[in-house]
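Peer 1: Encoded as structure tokens, here's the structure I'll be asking about.
Values quoted throughout were computed directly from the atomic coordinates according to the rules given, and no laboratory measurement underlies them. Predicted model only: the values in this text are computed from it and were never measured. Cβ coordinates were reconstructed from backbone atoms using ideal geometry, including for glycine residues, and neighbour counts include every protein chain displayed.
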């Protein structure tokens with residue numbers, strides 16, 4: 001199989017309903033040079049050990065760039081990969097994007113106060129949804145993520161302090177489905193991930209190495225996600241294409257969900 005441009009890493013633990021929304025959002029991407037790699041936790045190992053998992057799975061990273069999309073998050077921009085490709089033209093180390101969390105104010109990360117200035121970034125101004133990292137740097141520094149809390153910031157801070165280049169893409173790319181440090185789970189059967197495997201026909205590269213590999217989409221979306229004006233207050237209109245889980249080699253039925261929300265700064 002052709003090497004993907006982007007590897008999306010998804011940790012998952014007893015949240016099959018949210019994981020399904022996460023996978024659907026990846027399957028809706030217009031640029032299919034993507035591979036979603038799943039790190040499965042069936043034992044609820046806790047935040048510290050969960051953060052250490054990234055460093056233990058670097059051998060599974062095949063893409064040129066890497067993005068974290070946990071099971072309780074989802075993509076909201078079907079042109080996500082297209083925007084990242086354009087931003088990667090000069091081979092930057094870090095590509096900053098924006099994410100949405102409706103549960104807290106400010107809803108948008110990074111907010112306008114720090115956007116475009118890497119020296120202003122600090123804890124709580126970013127999360128793992130707000131940056132894409134070049135694969136070589138990911139493998140070199142991802143061990144910084146392995147702390148009990150704030151691993152997303154510790155990793156990004158290390159990349160910044162080591163002087164790696166930043167590019168800023170003013171697009172809302174993803175959102176959180178819940179708040180918390182991974183402790184909120186769903187009532188589900190012990191075979192919850194096996195059900196996901198069957199539903200999405202995931203590929204097993206090696207024993208336990210489950211992946212979602214996209215193929216060319218025969219039914220592309222035509223709607224655009226509007227760019228975000230800065231520094232004015234943001235009026236975010238999100239267009240999410242959610243396909244059914246039939247094979248990409250067949251016709252895909254779709255529905256469009258359009259949400260308009262005012263972002264408080």
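Peer 1: Sorted by average packing, counted as other Cβ atoms within 10 angstrom per residue and highest first, what order do 71-77, 147-153 take?
Peer 2: On the way: 71-77: 24.0, 147-153: 16.7.
The most tightly packed comes first, giving 71-77, 147-153.
Peer 1: Mark the label point 7 Å from the Cα of residue 191 along Cα→Cβ and return the residues of the range 12-28 whose backbone N is within less than 19 Å of it.
Peer 2: Hits in the range 12-28 for residue 191 at 19 Å: 13-17, 20.
Peer 1: Compute the distance from the alpha-carbon center of the range 124-156 to that of the range 76-115, in whole Å.
Peer 2: Answer, in whole Å: 14.
Peer 1: Another question about this same structure. With a 10 Å radius around each residue's Cβ, average the other Cβ atoms per peptide and rank 160-167, 37-44, 13-20, highest first.
Peer 2: On the way: 160-167: 13.4, 37-44: 16.5, 13-20: 20.4.
Top to bottom by mean Cβ count within 10 Å: 13-20, 37-44, 160-167.
Peer 1: With bins 10 Å wide starting at 0, give me the P(r) of the range 6-213 over every alpha carbon pair, in whole percents.
Peer 2: Binned Cα distances yield the sequence 8, 37, 40, 13, 1.
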